[in-house]
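Scroll down for the structure; my scribbles are underneath it.
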Amino acid sequence: MRLAVTGGKGGVGKTTIAAHAHRLLGWTTVDLDVTTPNLHLYLDCEEEARSRVCLIGPEVDPDRCTLCGECARVCHSGAVIVGRSWDLDPGLCHGCGLCLDACPRDALTPREIEIGEVREYRVRETGARLLSGRLNVGDRRSRHLVRHLLDHTEDRPRLLLDTPAGAGKEVYDVLRAVDAALVVTQPTPAALRDLRRLLRVIRVARVPHVVLINQADLSERWTRRVEREVEVPTWRAPRVDDPLGSDELRDVVREALDGLREEAA
Amino acid sequence: MRIAVLGGKGGVGKTVLSIALASELGAVLVDADVTEPDTPAYLNLERERDVTEVRARYAVRTDGCAGCERCLEVCPWRAVDDPIACDGCGACAIACPEDAIELRETELGRIAESREPELGLRVVHPETEPWAPELADIVHRMIPEDEDCVIDCPAGLGCPVIAALSAADAAVLVTSPDPAALHDYRRAEALTREFGLPAVRVLNRAGSDEREGFDVVIPEDERVLRAALDRDPGGLVHALREPARRVAELLPDGG
Ligand code: SF4
Ligand code: SF4
Ligand code: SF4
Ligand code: SF4
């Protein structure tokens, strides 16, 4: 089973819950929050390997290029500009390869454009791996790095995925790649609002899911509203002093994961 | 003056501080969290007008399709025939040898301008489907042209945050003291530096002994949480008035 831990609003405890889920399941885990990856800080782990993630863009041979402009014409992202010289803005390239195919003079060859890296950690408690995607600061291609990690782990039958914050296209990409989702929320008006939007995306992606209401004792009123609104099983997790060390929280995550497996069956 | 409020990690208090700061400065509040806009959950907004529609294109295969799958090869998201995943870039249409891709237009919502009567605050906020593409473009369209504004950035440091920083004159960096938030905060600080923006650094929900390297320290305050739960914008701004005032003073030209 491939399982996502997700939570629309930032700060509701998604990563803490993902850390508990990792320790309970012992599965390879992927941190897809690539602009601000931090699951490795929630687990006792050591780094074992690092690899660069690159898109394949064009490199020009000025001796062959006649400045005909064909490559710029097919470049939908505006990364190639041909005027009195041939210019590439590597930050805009999406690695589609259309320019490479389009050049009638064979003046373009593939080159790597780095967007970030993947760090591979070994988690001491479980012996399992954590793959952490890290986008270069300032790069705009987070969705490409998420895609890279999803493709890279496609063949793993058991996988835990920590999704990015929000409810946008990257989150949809992750949801499309999993069998079930554990949705983390909190009993506040803002978290409920975000939850509604996230559930919309989850329904479109048709993913079985359950909802864990973290720090449910913050507000009985808003906890009830969450429970009333969602149409799937919910679990209440309490506020605790040491969330990562708490057996109480761990037990709730275990129950929610069991419930999720039932939903997905 | 345009001020971007960012922090990297979610839940550190960006939105509540943005609301308090915009009230303090009498500036327009821009909610740049396009996929999960939260400001309406803290405020009692009265809608004034639609600023603009948000439209998008998506690619579908039509009758001329010969099934070669070239379009799927060039699409990084394999999003042909999937309007939710497609970002309308058009690469597949350029690649199709049969000219069989059609890019269809659809409306995904609007950018709205509302008023918070109690605070006298004007808010520009997105009301789109969460899967709207080109978030950076939407953020740019929300930023008013010649008015002061406070831009409340989403969690993370993706396109919308970069768009906000590229339009801003100054940044307010917010974090809480926990290690994960500080880790993300340092990445946010590095990004802000790339744009060469002056920044006010805020430590929110601080304990007693942490303050090194911060310009403004806001202690843990139950009143903020209560105001959020009660949807009491006046109470929220009241609880954060002092720190918001200090942030405003530290901004270039006092905001
Ligand atoms: S690979 Fe695609 S996006 Fe990159 S420069 Fe070539 S055509 Fe443009
Ligand atoms: S298509 Fe080839 S020859 Fe023409 S401008 Fe591009 S690189 Fe130069
Ligand atoms: S590239 Fe064109 S012809 Fe080939 S599968 Fe796609 S739409 Fe059909
Ligand atoms: S328009 Fe772009 S994103 Fe959409 S299917 Fe075509 S290549 Fe993919």
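Yes or no: B:Y42 under 18 Å from the mean Cα position of the chain (by Cα) and either aromatic (F, W, Y) or within 16 Å of ligand 1 (Cβ to nearest atom) (or both)? In short, yes.
Counting only helices (runs of 4 or more DSSP H) that fall entirely inside the range B:39-107 and contain at least 1 residues that are near ligand 4 (Cβ under 7 Å from one of its atoms) and within 11 Å of chain A (Cβ to nearest Cβ), the qualifying elements are B:70-74, B:91-95.
Just one of the listed residues (B:R226, B:R231, B:R201) is within 13 Å of another protein chain (Cβ to nearest Cβ), within 30 Å of B:A163 (Cα to Cα) and basic (K, R), namely B:R231.
Looking across A:G8, A:G78, one residue alone is within 9 Å of chain B (Cβ to nearest Cβ) and either closer than 19 Å to A:L145 by Cβ or not in a helix (DSSP H, G or I) (or both). It is A:G8. The set of residues in the range B:161-185 that are at pLDDT below 95 and either open to solvent by less than 10 Å² (accessible area, probe 1.4 Å) or within 13 Å of chain A (Cβ to nearest Cβ) (or both) comprises B:S176, B:D178, B:P179, B:A180, B:A181, B:L182, B:H183, B:D184.
Among the candidates B:V217, B:V224, B:V174, B:V237, the residue that is more than 18 Å from the chain's Cα centre (by Cα), outside any helix (DSSP H, G or I) and either of a type in the set (D, E) or in the same structural domain as B:L17 (by TED's automatic domain parsing) (or both) is uniquely B:V217. Return a yes/no flag: does the range A:21-36 have any residue that is out of contact with any Ser or Thr (no Cβ under 8 Å at 6 or more places or on another chain), surrounded by fewer than 24 Cβ atoms within 10 Å (Cβ to Cβ) and either within 14 Å of another protein chain (Cβ to nearest Cβ) or at pLDDT below 95 (or both). Within the range A:21-36, not a single residue is out of contact with any Ser or Thr (no Cβ under 8 Å at 6 or more places or on another chain), surrounded by fewer than 24 Cβ atoms within 10 Å (Cβ to Cβ) and either within 14 Å of another protein chain (Cβ to nearest Cβ) or at pLDDT below 95 (or both).
Considering only residues of the range B:3-17 that are away from every other protein chain (no Cβ under 11 Å) and within 11 Å of the chain's Cα centre (by Cα), which is farthest from B:G235 (Cα to Cα)? Result: B:A4. Taking the numbered list (1) away from ligand 1 (no atom under 16 Å from the Cβ); (2) open to solvent by less than 50 Å² (accessible area, probe 1.4 Å); (3) under 29 Å from A:A191 (Cα atoms) in turn, B:W77 passes all entries but (1).
If you check A:L67, A:L131, A:L98, A:L92, which single one turns out to be crowded, with 19+ Cβ neighbours inside 10 Å and either assigned by TED's automatic domain parsing to the domain that holds A:A18 or more than 16 Å from ligand 3 (Cβ to nearest atom) (or both)?
Residue meeting the stated conditions: A:L131.
Answer with yes or no whether A:G138 is touching a residue at least 60 places away in the same chain (Cβ under 8 Å) and away from ligand 1 (no atom under 15 Å from the Cβ). No; evaluated as a whole, the condition is false for this residue. If you filter the range A:101-116 down to residues that are crowded, with 16+ Cβ neighbours inside 10 Å and of a type outside the set (D, E, K, R), you find that the one that is nearest to the other protein chains (Cβ to nearest Cβ) is A:A102. Whether any residue in the range B:208-218 is within 14 Å of another protein chain (Cβ to nearest Cβ) and buried (at least 18 other Cβ atoms within 10 Å of the Cβ) is what I want to check. No, there is no match, as no residue in the range B:208-218 is within 14 Å of another protein chain (Cβ to nearest Cβ) and buried (at least 18 other Cβ atoms within 10 Å of the Cβ).
The values are calculated or read from the model by the stated rules, or taken from the named source; none is laboratory data. Predicted model only: the values in this text are computed from it and were never measured. So basically every Cβ, Gly included, is an ideal-geometry build from the backbone, and we count neighbours across all protein chains shown. To get the accessible areas, we keep the full protein, side chains included, count just its heavy atoms, and leave off ligands, DNA and RNA. Shrake-Rupley method; radii C 1.70, N 1.55, O 1.52, S 1.80 Å.
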